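First the structure, in the form of structure tokens, and then the observations on it.
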């Protein structure tokens, strides 16, 4: 696939987004792409963390935009921010114990506030009462737990004077004609944004994942100087995985899905608050890497009044659903004003972790199984091993739909390894070739959320 991609693509004219004389531009290479994606396809489960000034008013991370706050009105949260309970070691420990393999922190969100020590702005954590480079502490803690390090960086910036204000669809001052754009120089903003990305790609060691957010209207692709940006990122962090939001937003799949990748193609598709009805594929039918980013409640940033948390059993099943469709799940936590995980999030993570400890083999390195989805649950697969996830009991022996009983080498209960025989009951005699698992007379599923049956086929 992707024939003819040995040559550079996406050439632009001379100027800010253009190729510079003697500069080697990033080129898509399938072999290199597959290599850097290996850990990501294996991991399947990660933690998203939205935390910043917006955690103080606690009405969502878009509060400055939704309430059309002026810069002056929002400034009080900068003056109050102290990160008094910020403990990224504890964050990383909870992520690891939940069975997550990577973490992604909002180094900078749309309000322009930086959790890292940027030399290009005063609007940063080191200038608050916190007085610390919070990103530095985060990356050190995540690495110490053996997890992959991810950073989120927004393309928007509502603090920067050169970012469009009036009539921009998202800016807090969009409805204020007195905040016109006549004296704003967007190229100056793009240069600023690129310099900050260079900082996070230079100052924090190897990054494993870079999560840009987001493109909208005409603000996409080369409007961000995307070719030049990605060439710089790839030169500094050649192994980093990048999402697809330089091209699209939560909707849209990007140029990789079109089998015509731009220099700033995303390495994975990033559906937001939805799990695709089917596994994602490019236009040639080849599977795409994707990641459903989802919240625990209804907000990304901390919201003090949002107590509608998705229960752990639901999230476990949604993780399984993602994996069964060839995708990852990035589950968000919004720490409070002081840096604490909400107690509901802590409880949910612990419950997911208990299930993962017993059933992680059905998640890590697994993907789409070439068998129909059973009515009682879902199926994930790794090599010649099929994992049948049972959410409810069946009437009679368990049909392992799509598996020939003559090819079954063995069946085990994944959580504790006990053997399950292939059923010889007369009740399924009308299905002579299908394998059925015998759970015994009047079986009770040992895990009421998801009991996993491990089926190994003969090679």
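Nothing in this text is a laboratory measurement; each read-out follows from the coordinates by a stated rule. This structure is a prediction, so every number in the text was calculated from the model and none was measured. Virtual Cβ from ideal backbone geometry, glycine too; neighbours counted across all protein chains shown.
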### Query
With the Cα gyration tensor of the stretch 222-309 giving a ≥ b ≥ c as the square roots of its eigenvalues, does the rule (a/c under 1.5 for rounded; else a/b larger than b/c for prolate; else oblate) give rounded, prolate or oblate?
oblate
### Task
For the chain, take the alpha-carbon Rg, divide it by the Kirkwood Rh, and send me Rg/Rh.
1.02
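Hey, what did the stretch 30-360 get for relative contact order, percent, Cα under 8 Å, at least 6 apart? Write down the numbers at each step before the final one.
On the way: 648 pairs, mean separation 75.8, N = 331.
Here the relative contact order equals 23 percent.
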### Query
Using a simple spin-label model with points 7 Å from Cα along the Cα→Cβ vector, what separation in nm is obtained for residue 361 and residue 183?
6.8 nm
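Pull up the DSSP beta bridges for the stretch 195-353 and report the antiparallel fraction as a percent, rounded to 5.
15 percent
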### Query
Restricting attention to the alpha-carbon atoms of the stretch 222-270, what are Rg (one decimal) and Dmax (integer), both in Å?
10.3, 29
### Summary
So the angle from the long Cα axis of helix 343-359 to the longest Cα principal axis of the chain, reported in degrees to the nearest 10, equals 40 degrees
#### Entry: DSSP beta bridge pairing in the chain, given as percent antiparallel to the nearest 5
50 percent
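Calculate, in nm to one decimal, what residue 218 and residue 314 gain on full extension: separation in residues at 0.36 nm each, minus their alpha carbon distance. Please report the intermediate quantities before stating the final value.
Values: separation 96, 0.36 × 96 = 34.56 nm, distance 3.73 nm.
Extra length available between residue 218 and residue 314 comes to 30.8 nm.
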### Summary
Residue span residue 236 to residue 406: 0.36 nm per residue of separation minus Cα-Cα distance leaves a gain in nm of 55.9 nm
#### Entry: Residues of the stretch 167-189 with amide N under 15 Å of the 7 Å Cα→Cβ point at residue 120
185-189
### Message
Nearest 10 degrees is fine. How inclined is helix 88-97 to the longest principal axis of the chain, computing both from alpha carbons?
### Response
20 degrees
### Task
Rounded to the nearest 10 degrees, what's the angle between the helix 186-202 long axis and the longest principal axis of the chain, both from Cα atoms, 0 to 90?
50 degrees
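Would you mind getting me the FRET efficiency between residue 68 and residue 392? Use the beta-carbon distance for r and R0 = 41 Å, nearest 0.05.
Values: r = 48 Å, r/R0 = 1.18.
Calculated value: 0.25.
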### Task
Indicate the gyration tensor shape class of the stretch 38-97 (rounded, prolate or oblate), computed on the Cα atoms with a ≥ b ≥ c the square roots of the eigenvalues: a/c under 1.5 is rounded; otherwise a/b larger than b/c is prolate and the rest oblate.
oblate
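Using a 10 Å cut-off on Cβ atoms, rank the peptides 357-363, 118-124, 151-157 from the highest mean neighbour count down. Mind dumping the intermediate values first?
On the way: 357-363: 19.9, 118-124: 16.6, 151-157: 22.1.
So the order, starting with the most tightly packed, is 151-157, 357-363, 118-124.
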## Note on the structure
From the Cα centre of the stretch 412-435 to that of the stretch 241-300, the distance in Å is 38 Å
### Summary
Note to self, the chain gives a 222 nm [θ] from helices alone (DSSP H runs n ≥ 4, -39500 (n - 2.57) apiece, / all residues, nearest 500) of -7000 deg cm²/dmol
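Ranked from highest to lowest mean number of other Cβ atoms within 10 Å per residue, what is the order of the peptides 394-407, 316-329, 81-94, 180-193?
Numbers: 394-407: 16.4, 316-329: 23.0, 81-94: 18.0, 180-193: 14.4.
Sorting 394-407, 316-329, 81-94, 180-193 by mean packing, highest first, produces 316-329, 81-94, 394-407, 180-193.
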### Query
Using alpha-carbon positions, what is the distance between the centroids of the stretch 169-214 and the stretch 310-327, in Å?
34 Å
### Query
What whole number of Å gives the distance from the Cα centroid of the stretch 46-110 to the Cα centroid of the stretch 138-164?
11 Å
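Based only on other Cβ atoms within 10 Å, what is the fewest-to-most ordering of 265, 165, 109?
Details: 265 23, 165 20, 109 26.
In increasing order of surrounding Cβ atoms, one gets 165, 265, 109.
What percent antiparallel are the DSSP beta bridges of the stretch 369-457, to the nearest 5?
On the way: 23 of 23 bridges.
If I count the DSSP bridges inside the stretch 369-457, around 100 percent turn out antiparallel.
Can you give the Rg to Rh ratio of the stretch 148-225, both from alpha-carbon atoms, with Rh computed by the Kirkwood formula?
So for the stretch 148-225, dividing Rg by the Kirkwood Rh gives 1.03.
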### Query
With labels modelled as points extended 7 Å from the Cα through the Cβ direction, what inter-label distance (nm, one decimal) is found for residue 434 paired with residue 307?
4.6 nm
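If a/c stays under 1.5 just call it rounded; otherwise compare a/b with b/c (prolate if a/b is bigger, oblate if not). Do that for the stretch 254-400, with a ≥ b ≥ c from the square roots of the Cα gyration tensor eigenvalues. Walk me through the numbers before you get to the answer.
Working: a/c = 2.30, a/b = 1.12, b/c = 2.06.
Oblate, since a/c reaches 1.5 and b/c is not below a/b.
Could you list 74, 216, 418 in order of exposure, starting from the residue whose Cβ has the fewest other Cβ atoms within 10 Å? Before the final figure, lay out the partial values.
Details: 74 21, 216 14, 418 10.
So the residues, fewest neighbours to most, are 418, 216, 74.
Hey, what did the stretch 369-457 get for relative contact order, percent, Cα under 8 Å, at least 6 apart?
Numbers: 165 pairs, mean separation 33.7, N = 89.
Over the stretch 369-457, the number comes to 38 percent.
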